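In what follows, a structure is listed as structure tokens, so that the remarks can point back to it.
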Amino acid sequence: LASGDPVPGGGSAAALVLSLSASLLSMVANFTIGKKRFTQFEPEAKEILERTESIRKEASGLVEEDSRVYLKYRL
């Protein structure tokens, strides 16, 4: 990002931050699931885990896709 090259750019950086954020949420959900003291939150934690894993995978792909699309269509 700090280089003089136009890629990766802001879109790739945003996708990376989204992927990392989703990964951290997945980590918290995984710490919660299966713990006796958090039993009441397990259904929500499982839903969060499912959603954040999907977001993480999609965002990871967008990191490269942003650069590819930019290079294809730049003026």
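The values are calculated or read from the model by the stated rules, or taken from the named source; none is laboratory data. Keep in mind that what you see is a predicted model, and the values were worked out from it rather than measured. Every residue, glycine as well, gets a Cβ built from its backbone with ideal geometry; the counts of neighbours run over all protein chains shown.
Values as computed for the structure displayed
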{"item": "Scan of the stretch 1-24 for residues that are crowded, with 16+ Cβ neighbours inside 10 Å and either touching a strand residue (DSSP E or B) at 6+ places or on another chain (Cβ under 8 Å) or within 10 Å of Ser67 (Cα to Cα) (or both), ordered by number", "result": "Val7, Pro8, Gly11, Ser12"}
{"item": "Cβ pairs under 7 Å, 6+ apart, first in the stretch 1-29 and in contact (Cβ under 8 Å) with a residue 24 or more places away in the chain and under 18 Å from Ala45 (Cα atoms), second loosely packed, with under 13 Cβ neighbours inside 10 Å and of a type in the set (S, T, N, Q)", "result": "none"}
{"item": "Meets criteria (modelled with pLDDT of 95 or more, surrounded by 13 or more Cβ atoms within 10 Å (Cβ to Cβ), assigned to a helix (DSSP H, G or I) and among the acidic types (Asp, Glu)) for Glu47", "result": "no"}
{"item": "Total residues in the stretch 50-75, condition surrounded by 13 or more Cβ atoms within 10 Å (Cβ to Cβ), under 20 Å from the mean Cα position of the chain (by Cα) and hydroxyl-bearing (Ser, Thr, Tyr)", "result": "3"}
